[in-house]
Amino acid sequence: MPVLDAVIQWVNNDLEDYIADAVRRILTQEYLTERDISELLLMLKSKHGLTQVTDTVPTPVTLRDAGVSGAALKTEQVVLEAIENLSNVNAIPDGSSLSFGSTGLTLIYGNNAAGKSGYARVLKKACKARHEEPIHPNIFASTPSKPAISIFSISIGTNRQKIAWADDGQSSDILSNICVFDSKCSRITVDDENEISYVPYGGDVFLKLVQLMKELRQRLERERPTPIPPDARDITAGTTSSNFLAGLNERTTPEELESATKWTPEDQRTLERFTQDMAKAEADDPTKRASAIRSTKDRIVEFTTKIKKIDSSLSLEREEILKQQIKELQICKKAFYISSQESFDPTKEPLPGVYENEWQELYKAAEKYSVNIAYQGKEFPQMGEGDICVLCMQPLSEEAKNRFQRFRSFMKQTTKQKVQTAEQHVKETLINLEDLDFDIVDSYKDAITEITNRNSSYADKIKGYIEKMLARKMSMVSMGTSQSLIDNMPSVIQSPLSEVQTIINTLESEAQSFTKLSTPENLNACKQQKTELESRKRLSERKTEILTYLEVLKTSKKSDNAIRETDHTSITKKGREIISNALTPSFEACLNAEFNNLDIPLPLKLVACGREGELKHKLKFDNYQLPRRTTITEILSEGEERVVAIASFLAELNACDRKNPIIFDDPVSSLDHIWREK
């Protein structure tokens, strides 16, 4: 298989698109420009996620999408018959055409500046040969310049067709079946040792590809960032945070970083508590400290019990109960008054105020004395034979007995008992209100001080609560004492019990912590927890630094992957394989045959040699010894070098039995009339 065909097959089947694009450029250009290298670098970086948002990454154009001169895409014979309707090409008149013989050899000749080079430039560009010469329009024309255009008349087998071509458009792949030869396509080169070497057409791809890979590697290495690990000297070794830092790599996710560096206000409070506890544990007996904390907690619990009683006694429900008791008392008194007015006339009694409250209290006292002491277990008043009055200690006259009967009837009536019951209810409520302790701020100064130290806003809430609830108590007492309802009763205030309970829970937790610290095992465990918290806090402070480091680490890893891809070992190996397979003894026979056909009187032979990316064959004189430090270029003339290049080109075509058109651009330059004839 010809080297060029083998290269194209290798590119289309085995290579990344950006490398295939590089090969296409190498085969269709004399050299890679800075723009070519930059674009290929962008393609490689894009593959590995190294491009920026602002970068414009070109789409690779491979040899699947664009042919190259000398690579046969048709198995049928292709014949170039004419170039027609040429326009905007140098000073060649628009509409010019150039015909070719359908068989044999067509020679195009003419004076200098007749236009031969203009046609050659169109052929090179349209047939995708290595061509760096721009096609300019006629600089003397009065009309504005336009891209060069032409029509190629070709036949494939028995099928004739016209192919339009424009300099600013894409060439037809069919035209790449035409082989174009000029000095840029020469197989014969003069190397950096000033020796003549032979490289099959397409074979120099490997050397140029290796050079490209080296250049891409150098640029990637210059751009590769160097990750600088975060400073971990103040993070204790062996902690979870230290292990996390040590294990950072390009696969570490933002979620893992977020979890490892999470630091909350609760964490801060826990660390502060551990710090304080450890300091106190070192300065004091943890058992005594736990006992002292629980003592303080118990005082606060007692304090909250007082608050709860105030809450309960002055609640809306209690207020409503007191109001109902007062209403009930008022109703009972009214009923009693009506009943007493109907049954008794206090004005007819010897003394004023009979049946009033003071008098009733006197009656009750007398009754109590009589039943419990004077006449134990007997109904009051006692008015039998020999009984005396418990008040005046004298026998009762008939008038006195009648009066006592009236008094007893009065005191025993139902309405009176209801009044007494209602009064007792109100009295009990008032006693409960009077029992409320509103001096707790003073009596529990130690508890209030602890609450203030823990959270001063809680203490302020407590003081405000007591002040307002005291005013509510006084209003409720006033309402009960006056036995009249009050409309503008001070409202109920939300007690701070939930906030205080938080402090109680915290104190219990602290006490438990000190209890744990009382044993060496637990003390060491607490020290470890404190160390873990300190390390995590320091790690959290480096979160942004770590995030930046991870980004650089990932970019660096991507760069390493891209750099590894520029390794040219496989390219060198493939180049040697393809060129070795092409330069067989049969090819060397074809080359010798062409030397004979052209009567090249030089005993030359191919000697394999090479370096990175290429396997070339130097032309050596057979059975002749050159003087020391003498190169073959010092022996061969320019014409001899030229004819050897033509012979090697023809040998390749002959070896692969090509039937495509061949275009020579001024092949007889530097040749004498004999070789020009041949």
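The values are calculated or read from the model by the stated rules, or taken from the named source; none is laboratory data. Keep in mind the model is a prediction, meaning the values are calculated, not measured. For neighbour counting, all protein chains shown are included, and Cβ atoms are generated from backbone atoms with ideal geometry for every residue, glycine included. Just so you know, the surface numbers come from the protein's heavy atoms only, side chains and all, with ligands and any DNA or RNA stripped out. Shrake-Rupley method; radii C 1.70, N 1.55, O 1.52, S 1.80 Å.
Some values worked out for this structure:
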{"item": "Near pairs, Cβ below 8 angstrom, 6+ apart or cross-chain, from the range 478-497 (farther than 16 Å from Arg318 by Cβ) to any residue that is at pLDDT 85 or above and among the polar types (S, T, N, Q)", "result": "Leu497/Thr304"}
{"item": "Scan of the range 434-460 for residues that are of a type in the set (A, V, I, L, M, F, W, C) and buried (at least 17 other Cβ atoms within 10 Å of the Cβ), ordered by number", "result": "Leu436, Ile440, Ala447, Ile448, Ile451, Ala459"}
{"item": "One residue from Ala82, Ala66 being surrounded by fewer than 18 Cβ atoms within 10 Å (Cβ to Cβ), at pLDDT 90 or above and either among the hydrophobic types (A, V, I, L, M, F, W, C) or part of a loop (DSSP other than H, G, I, E, B) (or both)", "result": "Ala82"}
{"item": "Tabulated pairs, the range 433-446, first closer than 25 Å to Gly480 by Cβ, second open to solvent by 100 Å² or more (accessible area, probe 1.4 Å) and hydrophobic (A, V, I, L, M, F, W, C), C-beta under 6 angstrom, 6+ apart or interchain", "result": "none"}
{"item": "Residue check for Thr54: of a type in the set (S, T, N, Q), modelled with pLDDT under 85 and part of a loop (DSSP other than H, G, I, E, B)", "result": "no"}
{"item": "Residue within the range 598-615 that is open to solvent by 80 Å² or more (accessible area, probe 1.4 Å), more than 30 Å from Glu223 (Cβ to Cβ), assigned to a helix (DSSP H, G or I) and modelled with pLDDT of 70 or more present", "result": "no"}
{"item": "Residue list for the range 17-50, restricted to those being assigned to a loop (DSSP other than H, G, I, E, B) and more than 24 Å from Pro200 (Cα to Cα)", "result": "His48, Gly49, Leu50"}
{"item": "Every residue from the range 509-530 that is of a type outside the set (Ser, Thr, Tyr) and open to solvent by 30 Å² or more (accessible area, probe 1.4 Å)", "result": "Gln512, Lys516, Pro520, Glu521, Asn522, Leu523, Asn524, Ala525, Lys527, Gln528, Gln529, Lys530"}
{"item": "Answer residue from the range 287-309, given it is open to solvent by less than 40 Å² (accessible area, probe 1.4 Å) and of a type in the set (A, V, I, L, M, F, W, C) and is farthest from Arg273 (Cα to Cα) among those", "result": "Ile307"}
{"item": "Odd one out for Gln211 among (1) within 18 Å of Glu545 (Cβ to Cβ); (2) over 31 Å from the mean Cα position of the chain (by Cα)", "result": "(1)"}
{"item": "The range 461-485, residues that are over 19 Å from Phe438 (Cβ atoms) and loosely packed, with under 15 Cβ neighbours inside 10 Å", "result": "Ser482, Ser484, Leu485"}
{"item": "Check on Thr506, β-branched (Val, Ile, Thr), more than 37 Å from the chain's Cα centre (by Cα) and either surrounded by 13 or more Cβ atoms within 10 Å (Cβ to Cβ) or in a helix (DSSP H, G or I) (or both)", "result": "yes"}
